[in-house]
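Below: the structure, in structure tokens.
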Amino acid sequence: MHQLTLAEIARGLADKSFSAEELTTTLLARINSLDPQLNSFITVTDELAVQQARAADARRAAGESGALLGAPIAHKDLFCTQGVRTSCASKMLDNFTAPYDATVVAKLAAAGMVTLGKTNMDEFAMGSANESSHYGAVKNPWNLEHVPGGSSGGSAAAVAARLTPVATGTDTGGSIRQPAALTSLTGLKPTYGRVSRWGMIAYASSLDQGGPMARTAEDCALLLQGMAGFDANDSTSIDEPVPDYSASLNASLQGLRIGIPKEYFGAGLDPRIAEQVQASIQELQKLGAVIKEISLPNMQHAIAAYYVIAPAEASSNLSRFDGVRFGYRCDNPKDLTDLYKRSRGEGFGVEVQRRIMVGAYALSAGYYDAYYLKAQKIRRLIKNDFMAAFEGVDLILGPTTPNLAWKLGAKGNDPVAAYLEDVYTITANLAGLPGLSMPAGFVDGLPVGVQLLAPYFQEARLLNVAHRYQQVTDWHTRAPNGF
Amino acid sequence: MALQRCDVEKIAHLARLGLNEAELPHITDALNSILGLVDQMQAVDTDGIEPLAHPLEASQRLRADQVTERNQREAYQAIAPATENGLYLVPKVIE
């Protein structure tokens, strides 16, 4: 039963092949027996899950239907879940029980989804390896000595290991797409403003976006359908109609113009990944796509701009953790300043502290123009590159990551080495564009991902192309050994 | 210009982060390494380019000036480290 996709589960529940409760208890048992190898969950919500599954079965018995009714899910542990610990993988929030549900959590629960638990992540979503979690690193189910990527590494590992059919993730610089690539999943970062950020603990507010992680594009379409939409509680939510993402999955790719940015294939890309990406391009050509070379000349400046904008916004967002209203408080503070400093010094991990400090420095008097303003100007140059490119092509395709999943601990203490892994994903966050990573092969038993980028609000097009690709390839159906 | 230990102490104070003495050399090195990466921006010609704050250039929505939230003081204070009589407790500020 654990091998079923979300779409298959929806059919199985509809034709009464099994109940939501049976499915839920099967997956909970699987989590209990297999997750100690992976560490992909921070909290397993056994009781809540069984209760929600029974409620879903009752709703179905009463005549209700719906693709998500009774289907299990795991939430990245930065989506607030009422009455459940929401830790952000930080000591700072280890004792934090959210007093309300994030909009995404509430919408999916209302649709009848069953929450299996909260998944591990990089602390406050800052990382690309899931090694900065207060609860320990997550292992990649494809090779337990390797990282699963991050920051949504727990969600990725849990879905790849068939502990849950789908999970939520969030993506600030690649945190859905990169772990999806490194664990052979399909992961979608929607257009900025498409999915509500309300109740999603903020890292960098102008870049953060929640999205679905699943094994197939078809499942991402079903889950995105439940997540997307305007929310008055999120001041940056965009009031755009939500299309039927499943309706266009099978649309023809005949004549679809796909742009291949030459900058994505330069130095730094593992040539074995380049080979797999080329093979995926050929498959798409067989399906009717037309390939054009394009250029995104400012891509090379994206990492530098990102590591100003994201830390600057983080230093502001994370100032709310002060040891007064919620979260960690140090013992025996001698005065108010000591309370702030020690609560934050003891409650935040080292990578979070680094980014807060980079942000505080970039925003401090005398440096604002040279750093934050400069980065925002580069941000516009990057957006302009995309706008120019999309005049000649419908989609952009390239590798999701320059390298395969690396060994745990391999990047040591050098933060910059890990930052460079986000080189292909960061631009979509800076420009606010939707992006998807899909499984496109293996090198040495480790997965390779291909990234597709589309103009604003064209998530349906990304899902369509990935779905058609998945009809003629089987990378997404392969399961890691032992799972 | 690389950050010195005293610069890092000042930034940590601005960010209200209490760092261990022993951590300061590591964090100084890490910050200099990050700022080295970030300084690559300075070579980019951005003359005449307007900064971009919101990717879709949307502005904040306004809503009607009406009370929409109910009082949830008890729920919110239940998760606070220290409260008394409905107030958050902090160390004495005024002698």
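Read-outs: derived from the displayed coordinates by stated rules, not from any lab. Predicted model only: the values in this text are computed from it and were never measured. No Cβ is skipped: glycine too gets one built from the backbone with ideal geometry, and neighbour counts run over all protein chains shown.
The mean count of C-beta atoms from other chains within 10 Å of the C-beta of residues in A:181-194, rounded to a whole number, is 1.
For chain A, the relative contact order works out to 18 percent when only alpha carbon pairs closer than 8 Å and six or more residues apart are counted. In this simple spin-label model, placing a label point 7 Å from the Cα along the Cα-to-Cβ direction at both B:H26 and B:S59 gives a separation of 4.7 nm. Taking Cα centre as origin and charging only the Cβ of basic (Lys, Arg, +1) and acidic (Asp, Glu, -1) residues, the dipole magnitude of region A:298-402 rounds to 260 debye. With the simple model of a label 7 Å out from the Cα in the direction of the Cβ, A:E346 to A:Q278 spans 5.7 nm. The ellipsoid that matches the Cα gyration tensor of region A:6-252 has semi-axes, each √(5λ) in whole angstrom, of 24, 21, 18, with the longest given first.
For region A:411-479, the Cβ-based charge dipole about the Cα centre amounts to some 240 debye (Lys, Arg positive; Asp, Glu negative; other atoms uncharged). Against the compact-protein benchmark of 2.2 N^0.38 Å, the Cα-based radius of gyration of region A:53-156 scales to 1.20.
When a/c reaches 1.5 or more, the comparison of a/b and b/c decides; with that in mind, is region B:1-65 rounded, prolate or oblate per its Cα gyration tensor? Note, shape of region B:1-65 comes out oblate. Positive end of the dipole of the protein assembly as shown (Cβ unit charges, origin at the Cα centre): among B:L19, A:I201, A:T164, the Cα lying farthest that way belongs to A:T164. Counts of other chain beta carbons within 10 angstrom of each beta carbon in peptide A:357-370 average 4.
Remark: relative contact order (region A:1-152) = 24 percent; criterion is Cα-Cα distance under 8 angstrom and separation of 6 or more residues. For A:Q82 and A:R59, a Förster radius of 22 Å and the Cβ-Cβ distance give a FRET efficiency of 0.65, rounded to the nearest 0.05. Among the residues of A:97-109, the average count of other protein chain beta-carbon atoms within 10 Å of the residue beta-carbon is 1.
Here region B:40-70 is scanned for amide nitrogen atoms under 18 Å from the site 7 Å beyond the Cα of A:A370 along Cα-to-Cβ, giving B:40-47. Put in order of Cβ neighbour count within 10 Å, fewest first, the listed residues A:S132, B:S33, A:S40 become B:S33, A:S132, A:S40. Along the charge dipole of chain A, pointing to its positive end and built from +1/-1 on Cβ of Lys, Arg, Asp and Glu, which listed residue (A:N120, A:Y135, A:I303) has its Cα farthest out? The residue sitting most towards the positive pole is A:I303.
Between A:L287 and A:D239, take the C-beta separation as r, use R0 = 41 Å, and let me know the FRET efficiency to the nearest 0.05. That gives a FRET efficiency of 0.75. Cross-link partners for B:K92 among the lysines, with Cα-Cα distance under 21 Å and sequence neighbours closer than 8 places in the same chain left out: A:K334, A:K341. With Cα atoms defining each centre, region A:163-201 and region A:88-145 are spaced 12 Å apart in the structure. At 4 °C and 1.567 mPa s, grab the translational diffusion coefficient of the protein assembly as shown from Stokes-Einstein with a Kirkwood Rh over Cα pairs, rounded to a whole number in µm² per second. The Stokes-Einstein estimate is 54 µm²/s. For region A:313-433, build the charge dipole from Cβ charges (+1 Lys, Arg; -1 Asp, Glu) around the Cα centre, then report which of A:A362, A:A417, A:N429 sits farthest towards its positive end. Among A:A362, A:A417, A:N429, the one farthest towards the positive end of the dipole of region A:313-433 is A:A362. Residues whose amide H comes within less than 5 Å of that of A:V443, counting only those at least five positions distant or on another chain, are A:V448 (H built at 1.01 Å from N in the peptide plane).
Can you tell me how region A:216-302 classifies by the Cα gyration tensor, rounded, prolate or oblate, using a/c under 1.5 as the rounded cut? Because a/c hits 1.5 or more and a/b fails to exceed b/c, region A:216-302 counts as oblate. Under a cut-off of 29 Å between alpha-carbon atoms, report the lysines in cross-link reach of A:K383, not counting same-chain residues fewer than 8 places apart. Cα-Cα hits under 29 Å: A:K76, A:K189, A:K262, A:K292, A:K374. Counting neighbouring Cβ atoms within 10 Å and putting the fewest first, the residues B:V8, B:V67, A:V105 line up as B:V67, B:V8, A:V105. Taking Cα centre as origin and charging only the Cβ of basic (Lys, Arg, +1) and acidic (Asp, Glu, -1) residues, the dipole magnitude of region A:6-252 rounds to 200 debye.
When we measure straight from the Cα of A:K286, which aspartates and glutamates land under 19 angstrom away, once same-chain ones fewer than 8 places off are left out? The reachable aspartates and glutamates, counting only those whose Cα sits under 19 Å from A:K286, are A:E275, A:D394, A:D474.
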